[in-house]
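A short worksheet on the structure shown next.
The values are calculated or read from the model by the stated rules, or taken from the named source; none is laboratory data. It should be emphasised that the depicted structure is a prediction, and the values quoted were computed from it without experimental measurement. Counting neighbours? That spans all protein chains shown, and the Cβs are built from the backbone with ideal geometry, glycine included.
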Amino acid sequence: MQLVYLGILLALSALCSSLDNGLAKTPPMGWMTWERYRCNIDCKIDPENCIGENLIKGIADKMADSGWRELGYVYISIDDCWALKSRDSNGQLQPDPVRFPSGMKALADYVHARGLKLGIYGDMGNFTCGGYPGTTLDTIQIDADTFASWEVDMLKFDGCYSNSSEKALGYPKMSYALNATGRPILYSCSWPAYEGGLPPQVNYTLLGSICNLWRNYGDIQDSWDSVLNILEWFASNQDALQSAAGPGRWNDPDMLITGDFGLSYEQSKSQLAIWAILAAPFIMSNDLRTISYEAKELLQNRLLIYIDQDSLGKQGRRVAKVSSLEVWMRELVNEQYAVAVLNKGTDGIPKRFSMSLANLNITECALGYKLYDVFEKEFLGNFKPETNIEMVINPTGVVMLFVRPASIRFHPV
Ligand code: GLA
């Protein structure tokens, strides 16, 4: 009798509980194949860059020995196009044996030995977006178990080739199946991106209880236009999106493309600043084996990472638009703030701008605030709320400030 009671209790808690994997208390950080490597499966012509264990091992080595891991970039994630086009005789997904000759478990071991975590990609639907085998409602269980048996640490679960009702059943079902494996697996859901990204079609309360992060909007491409398009969507819909984010559950505006081909230095800073204000996952898609010094310096900026990873976990907002300038702001723990002033102008002239903390309603500390320029890595001095802060913002660039009550004595990272 007692056993029956316990059974019912367990069943109920499995149904009602949120995704309780303890993961992503701050936005996840790492690296992912898709934006830079796409579905490049030609290892004959391009052995260094095709989706296979060679690429993953090469990037994992860099993440472990070039300072990335220590800064928090720990997830190394394989996106689409890793699988064979058919399941094995047990119905399990299987990696392409030519490109992953050691198998996924061995690759996970390799990644774990370097203090990193392995991510993999699946799709709630008949096929992945790239045409590989998908996960249907009746293969969720076996796929969750397979990923856990490979000791995978993250699943990006895409949504091509399924309808809305299949997604509505499949995304929660996969969440429970992952939980039931007993292995903490970070769960990234592309579900909202397929439903327009906004309430009432998207129920962010439900999502927050079953997924750790989710894509809300379209794919990033290697261009400034694409970055602008994404940030405009997030700003226009910030009232609906801001409260969805918090520790353990994050909006994901997609990968960081600093270090690729499409963004200038100024534009790279802008993407990083706005993504940090948005409390976005810092998941790069680039080539860490050949990345430039400048791009590495930007991605490894400690104060920027400190802001992105702030433990309050509150997503920031665009708070003002003044001609081509936009002011973005995020509240951090201990009455600290991050402020980014973005210059969307393309007329070539750096813009002068002046603003006070009081203009941003940052007035609580009568003693004033210490200001730091995040990208210049410079202490700007103590500022009273009414004191004007003068800045010059380069075209398509940003000035990012870290604001800390003067009473906090120690220096930021
Ligand atoms: C979709 C996703 C991308 C990527 C591709 C893979 O487009 O949004 O991030 O995973 O599928 O095919």
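A few comments on the model shown:
- Subset of region 107-151 [away from the ligand (no atom under 16 Å from the Cβ) and assigned to a loop (DSSP other than H, G, I, E, B)]: 114, 115, 116, 136, 150, 151
- Count - residues of region 227-266 that are over 16 Å from the mean Cα position of the chain (by Cα) and closer than 20 Å to residue 77 by Cβ: 2
- Answer residue from region 285-326, given it is touching a residue at least 24 places away in the same chain (Cβ under 8 Å) and of a type in the set (Lys, Arg) and is nearest to residue 257 (Cα to Cα) among those: 296
- Residue pairs whose Cβ atoms lie under 8 Å apart, separated by 6 or more positions or on different chains, with the first residue in region 106-127 and modelled with pLDDT under 95 and the second within 16 Å of the ligand (Cβ to nearest atom), do not occur.
- Output for region 390-413, where each listed residue is at negative phi and touching a helix residue (DSSP H, G or I) at 6+ places or on another chain (Cβ under 6 Å): 394, 397, 398, 400, 402, 405, 412, 413
- Among (1) surrounded by 23 or more Cβ atoms within 10 Å (Cβ to Cβ); (2) on the phi < 0 side of the Ramachandran plot; (3) in a loop (DSSP other than H, G, I, E, B) - the single one residue 279 does not satisfy: (2)
- Of all residues in region 191-203, none satisfies being in contact (Cβ under 8 Å) with a residue 60 or more places away in the chain and either within 22 Å of residue 331 (Cβ to Cβ) or surrounded by fewer than 17 Cβ atoms within 10 Å (Cβ to Cβ) (or both).
- Only one of the listed residues (231, 263, 241) is over 22 Å from residue 397 (Cβ atoms), modelled with pLDDT of 95 or more and of a type in the set (A, V, I, L, M, F, W, C). That residue is 241.
- All conditions in (1) more than 24 Å from residue 26 (Cβ to Cβ); (2) in contact (Cβ under 8 Å) with a residue 60 or more places away in the chain; (3) under 25 Å from the mean Cα position of the chain (by Cα) hold for residue 376, with the sole exception of (2).
- The residues of region 354-389 that are at positive phi and of a type in the set (S, T, N, Q) amount to a single one, 361.
- Which numbered condition residue 59 misses (of (1) part of a loop (DSSP other than H, G, I, E, B); (2) crowded, with 16+ Cβ neighbours inside 10 Å; (3) more than 16 Å from the ligand (Cβ to nearest atom)): (1)
- Unique match (being touching a Ser or Thr at 6+ places or on another chain (Cβ under 6 Å), crowded, with 17+ Cβ neighbours inside 10 Å, of a type in the set (A, V, I, L, M, F, W, C) and not in a strand (DSSP E or B)) among 288, 298: 298
- Taking every residue in region 63-74 that is assigned by TED's automatic domain parsing to the domain that holds residue 291 and pairing it with any residue that is surrounded by 15 or more Cβ atoms within 10 Å (Cβ to Cβ) and β-branched (Val, Ile, Thr), at least 6 positions away or on another chain, the pairs with Cβ-Cβ distances below 6 Å are 71/305.
- Which listed residue, of 390, 326, is of a type in the set (Asp, Glu), surrounded by fewer than 19 Cβ atoms within 10 Å (Cβ to Cβ) and either assigned to a helix (DSSP H, G or I) or at pLDDT 95 or above (or both): 390
- Of all residues in region 62-96 being of a type in the set (A, V, I, L, M, F, W, C) and within 19 Å of residue 131 (Cβ to Cβ), the one that is nearest to the ligand (Cβ to nearest atom): 81
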